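The values are calculated or read from the model by the stated rules, or taken from the named source; none is laboratory data. Because the structure is a prediction, the values reported are computed rather than measured. Every residue, glycine among them, receives a Cβ derived from its backbone with ideal geometry; neighbour counts consider all protein chains shown.
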Amino acid sequence: MSIRYSNVLPIFVAFIVASTAVSAVYWSTFLAMLTTWAGSETYNHCFLVIPAFFYFVWVKREHFHGSYSPEKIFILPLLASGFLWLLGSLADVALVKQFAFMALIVSLTGGLLGWSLSRQILFPLFFLFLAVPVGDELLPVMMNFTADFTVGSLRLLGFPVFREGTHFAMPSGNWSVVEACSGVRYLIASVAIGLIYAYITYQKAYKRIIFMCFAIVVPILANGLRAVMIVLLGHYSNMTIATGVDHLVYGWIFFGVVMFGLFWVGSFWREEDLAVATERRYLSIKKVSGITRLSTWGVLFATLLIWPIWENWSRSVQPHLQPTHSLEVSGSFTPCSECELPFLPSFDSASHYLKQVYTSDSSGPVNLFVASYYSWSNAGELISYKNQLVLPDDKRLRVVNTLSNSFNNDFQRIDIKGVRSLVAVGWYQINGVPELNVVQIKMKEALYKLLGRAFVSQYVVVFKETDNFTQGEAELNQFLMVNMSALKQYGVVE
């Protein structure tokens, strides 16, 4: 067999076998990834990652040398990746599960080939992680940065700008930074294209790292400049240009120019691919006994089965309880059976909801919303990008400020404007223990499930309509001071 095929066939076969085995064992995770790839324009590029892997291996085929054989040492990354998948599954974090899924494929491929050959294809192997649909988690951060950059630049240029959250106004019109303007798509595209360019153009690792740093920073700054230019175009055209779909077109054209400039500058440090000595161009199978080879294969593949079995066991031992959802408030607050909440927070598929309005002669109506999620129910999960007090794309309301609550630093005060003006105080809690850090919440949920313990995760928020946010917060604090103990114990299981 010619060098064209003999040097790549073992790698291709190992990858196909590994990806097929992992996909079969972790089918639900694989199906969720495919659904995300096909259902979101942001992640359509994921379909190209695997063909790119084959391409990277093919173009470097003449560099591969030495021998290959399965190695048991790769059980360690397989165990670590599998345990990470277990934690992600128990905590219902899709990103963690899908990252672990790809890590299992990479680790198993490496185990089938051995370290000597695996280290020669490290870049193609790690490039596979771009198939993990990541980016939604960056949306709030990128939206706020773009708003900061745009408003700061406009003020620096001398324009009067009034800002509330990701919304801002100029004398010529109103603007808002929405998800499509966040720059996440630019960043993902730049990282993917930049990795390919760096791998093909440079041979030294430090040059690849430096280029990738620019491939991350440049599109973030370029997106801020794009937003500023869009606002200026709208301002000087009396809001007739760049206020519709056309501003997205301008954005992608600008992004293309920026990436071309980045590649052009990077080409000045291009390195030619050095030739490899003829005697080191061929791969060979490492000579080991058939029993050793079969036992290594068996251990590697058996390691894949541990975690789904553990996950099913953890869910099966979860006790199914019936929490008592009764809340008796204290003080001068009385429930109003005929009153309705002025708006409903966006928390979907909860196991139980409490929606109640309380009236008081001293402070006016106080609205209470509690979304409870049971650990033994598969109805939904508490921590999700779609579960927020007000969604970023809400056309009626918008969050204009988020502060620490003066009554309890573990709580958030949220100022809301739009068709209504509201102030809210909200927090998460697990079995009555307040928590704001969503990562810690997920870790606690996973730990409880690992130990087979039942729990109730909740989002609790009190809010009221007011034009004076500070005074409204003080009135909400009065309600919390006398009812905090009851709210912590609401729906809790021991």
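Some points to look at:
- If you check 380, 426 for being under 22 Å from residue 95 (Cα atoms) and either under 24 Å from the mean Cα position of the chain (by Cα) or touching a residue at least 24 places away in the same chain (Cβ under 8 Å) (or both), only one passes: 380.
- Residue 389, sole failed condition from (1) exposed (fewer than 15 other Cβ atoms within 10 Å of the Cβ); (2) in contact (Cβ under 8 Å) with a residue 60 or more places away in the chain: (1)
- Candidate set: segment 226-269, residues that are surrounded by 12 or more Cβ atoms within 10 Å (Cβ to Cβ) and not in a helix (DSSP H, G or I); chosen: the one modelled with the highest pLDDT: 237
- The one condition from (1) β-branched (Val, Ile, Thr); (2) under 30 Å from residue 180 (Cβ atoms); (3) surrounded by 18 or more Cβ atoms within 10 Å (Cβ to Cβ) that residue 121 does not meet is (2).
- Selection within segment 159-176 - more than 27 Å from the chain's Cα centre (by Cα), closer than 15 Å to residue 236 by Cβ and of a type in the set (A, V, I, L, M, F, W, C): 159, 170
- Within segment 149-186, the set of residues being aromatic (Phe, Trp, Tyr) and closer than 23 Å to residue 414 by Cβ comprises 162, 168, 175.
- Flag for residue 172 being of a type in the set (S, T, N, Q) and either within 21 Å of residue 418 (Cβ to Cβ) or not assigned by TED's automatic domain parsing to the domain that holds residue 50 (or both): yes
- Per the listing 360, 351, 375, the residue uniquely closer than 29 Å to residue 417 by Cβ, assigned by TED's automatic domain parsing to the domain that holds residue 398 and among the hydroxyl-bearing types (Ser, Thr, Tyr) is 360.
- Any hit, segment 203-225, residues being in contact with an Asp or Glu (Cβ under 9 Å, 6 or more places away or on another chain), surrounded by fewer than 16 Cβ atoms within 10 Å (Cβ to Cβ) and at pLDDT 80 or above: yes
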